[in-house]
Structure formats: C-alpha cells, structure tokens
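So the structure is just underneath, and the comments pick up after that.
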Amino acid sequence: MQVQMDKNPEPPPIPPPPPPIFPSSIKQLTVVVPTVHPSKALSAEEEVSQTCSYMWNYITENFEQCKLVSFYRQVYPILQQGPMCGIVALCMADQILNSRDFISVDEVFSQAQHKGFTKQGEMFSARNMAVLAEDVLKCKADVWENGLTDMVGVLHHLAEGWPVLVPYDADGNYEPCCKNGHSAHWGILTGFCFTNHTNQINISSFKVDDNIPQLYHARKGQILVENLQTLSTSEKILVFGHQGKSKHLGVWQYKRLCESNRNLNKVAPKHQVEGQFNLPVGGIEEGLCNKIVVLSP
C-alpha cells in the first residue's frame, strides 16, 4: 500500500506514450477521464472502449487481426488521502457488493482503527483486510494464500462479477513492478480482457464494441471455466483495476501483477520508523506477500 504522507506531493505524471497506430477498422477516440460518477459519464463498455483504444498497441502487441474479449464491472474511482489505499479499495468494492448507500472511507477507517488494524490508514495484513471487509461490507471475504497463481480461479471469480483485492508493488505510473515491497500498494480488480489470436474461444455471443470491431464485451457469467482453461496457456491476459492514486482505469498484465504480488518482502527503509504503522508479526512478507482477498456476497 502507498505509504507517502499527505505532505509528499504526488509524483510527476509519466509522459504519455506515442499516439497508437490503430487498425484501419477502428474509429479513433478522444480519451476522456470521467470527473463524475461513471454512470453519469461513461458506461462500462464505453470506459473499456476508450481505455483499450488508447492502449491498443500495448494490449495486442501491434497484431492488427487480433480480437479482444473484455469483461468489466464498473466502479467509481475513489482517491486516497494518506496511506489509505487498502481502505479506499474496500470502499470501491462496496459499490459492487451492496445496493444500499455506499460506505464512507471515514467509516471504514474508524472501524479499522477500532479493531487495531491500522494507525494512519495502512493495511499491511491481508487477513485483517478480510476481517474488516466482512465486518463493514457484510460480505464473504477469503484470503487466498497462493496469491494470483490460480489464474483460472481468479478470472472465473471476476467473470461472475465479484471483486478481488490485490496488494502489489506500484510503479511511478501505478502499474505493477517488483521493488521487494518498497512500493506496496492495494488495488481492486473488477474485470479482465484477453486476446483471441487463435480463435479458440467462440465469441459470436459477445457484444461487438460500437467503436472497435475487434473488441467484444462479455456479460456477467458469460465466460465459462472451460473458456478460461483454454486461453490461460495460449493468450495474453490483462486485468482491469483501480487504485487510490488515479482516476484512470488500469490495464495490467496478469503475469506481471502476479510477480509483483509475490515480491512483497519488506517495507521501504524510510517507513521503518518504530510505531509509525501497524505491522503484523513477520512484516509484510507474512501479511501481504503472495496473498489476495477474494470478495463475494
């Protein structure tokens, strides 16, 4: 989880990549970052379409005939104040898990402090995160001790429409990296996309995107386990995620995120001030490394 205090400025933005070279059949889009609730700005399909159009070369590796299948549950991004990345990720999950008025960051923070899980908003334990989720969201929360290793299981859970909370090392642009845990951060996964180069998956029942003919949108429960087993060894798989430092929808390589989740071994030296944070016995290697929190109603 990001542990910079409020007094530290946000790192300068990463320069944008060169304009993508689109296949001739793609209508080029102007990327707009929603500043209001997505339901009032972009639909889930429109948000994915804009994101994928901007990152098409990266996702498809410039293969013009590539087809891309997407599933995404839309959430409103919540920006963190201080080291509250795990708490805001939990609040974003609440948008999917509950139809009532969404829980506030302050309420979750207060509950986490009351339970002795945090001092400043930091959440360095996946098990504590699961307990907190069940208490404040009234949902089921399971800690998977093998992290993202079970790709089919994780993707099937997402395809059923339920979120996954993942601790990982966040780079300067908030994508997964491996810094031995020195940039530990929480993100929430609410969907994924995968290439279909070899046409192993029958996509005829998926909805074709309005702007990108090579992009197909799947509905909740439409992507089956057998589909995932087929593509898990042969296609490029990316996940859609949000985290508390950006309003942008993240598109992260699954394998890279898995590696990042497995490398959480130590808190950054500058944050190893005694009493500053609530660290579990064994540090973040025991609390976060190779662990995810899987949420469902």
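The values are calculated or read from the model by the stated rules, or taken from the named source; none is laboratory data. Given the structure is predicted, the values throughout are model-derived calculations rather than measurements. Here the Cβ positions follow ideal geometry from the backbone for every residue, glycine too, while neighbour counts run over all protein chains shown. Remember, those area values only see protein heavy atoms, side chains included, never the ligands or the DNA or RNA. Shrake-Rupley method; radii C 1.70, N 1.55, O 1.52, S 1.80 Å.
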Quick check: is even one residue across the stretch 178-198 open to solvent by 50 Å² or more (accessible area, probe 1.4 Å) and farther than 30 Å from Met129 by Cβ? yes
Any idea which residue in the stretch 61-76 is most open to solvent (accessible area, probe 1.4 Å), counting only those that are within 15 Å of Phe192 (Cβ to Cβ) and not basic (Lys, Arg)? Gln74
Of all strands (runs of 3 or more DSSP E) fully inside the stretch 150-219, the set with 2 or more residues that are more than 24 Å from Thr230 (Cα to Cα) and aliphatic (A, V, I, L, M) is 164-170, 184-195
What are the residue pairs meeting all of these: first residue in the stretch 98-127, first residue closer than 23 Å to Gly282 by Cα and touching a residue at least 24 places away in the same chain (Cβ under 8 Å), second residue assigned to a loop (DSSP other than H, G, I, E, B) and of a type in the set (Val, Ile, Thr), Cβ atoms under 7 Å, and 6 or more apart or on different chains? Ala112/Thr118; Glu122/Val3
Here is a list of conditions, (1) more than 14 Å from Thr149 (Cα to Cα); (2) among the acidic types (Asp, Glu); (3) touching a residue at least 60 places away in the same chain (Cβ under 8 Å), and Glu235 meets all of them except one; can you say which number that is? (3)
Residues that are within 25 Å of Glu175 (Cα to Cα) and open to solvent by 20 Å² or more (accessible area, probe 1.4 Å): does the stretch 217-231 have at least one? no
If you take the residues of the stretch 97-155 that are closer than 22 Å to Leu257 by Cβ and of a type in the set (Val, Ile, Thr), which of them is most open to solvent (accessible area, probe 1.4 Å)? Thr149
Go through (1) within 28 Å of Glu61 (Cβ to Cβ); (2) under 17 Å from the mean Cα position of the chain (by Cα) and name the single condition Trp144 misses. (1)
Taking Gly86, is it surrounded by 15 or more Cβ atoms within 10 Å (Cβ to Cβ) and closer than 22 Å to Ile284 by Cα? yes
For the subset of the stretch 47-60 comprising residues that are without any contact (Cβ under 8 Å) to a residue 60 or more places away in the chain and under 16 Å from Asp209 (Cα atoms), which member is least open to solvent (accessible area, probe 1.4 Å)? Gln50
Confirm whether Val69 is among the aliphatic types (A, V, I, L, M) and assigned to a strand (DSSP E or B). yes
Just name the residue that is surrounded by the fewest Cβ atoms within 10 Å (Cβ to Cβ) out of those in the stretch 238-297 that are under 25 Å from Cys52 (Cβ atoms) and among the hydroxyl-bearing types (Ser, Thr, Tyr). Ser246
On the given criteria, is Lys245 closer than 13 Å to Ser183 by Cβ, of a type in the set (Lys, Arg) and touching a strand residue (DSSP E or B) at 6+ places or on another chain (Cβ under 9 Å)? yes
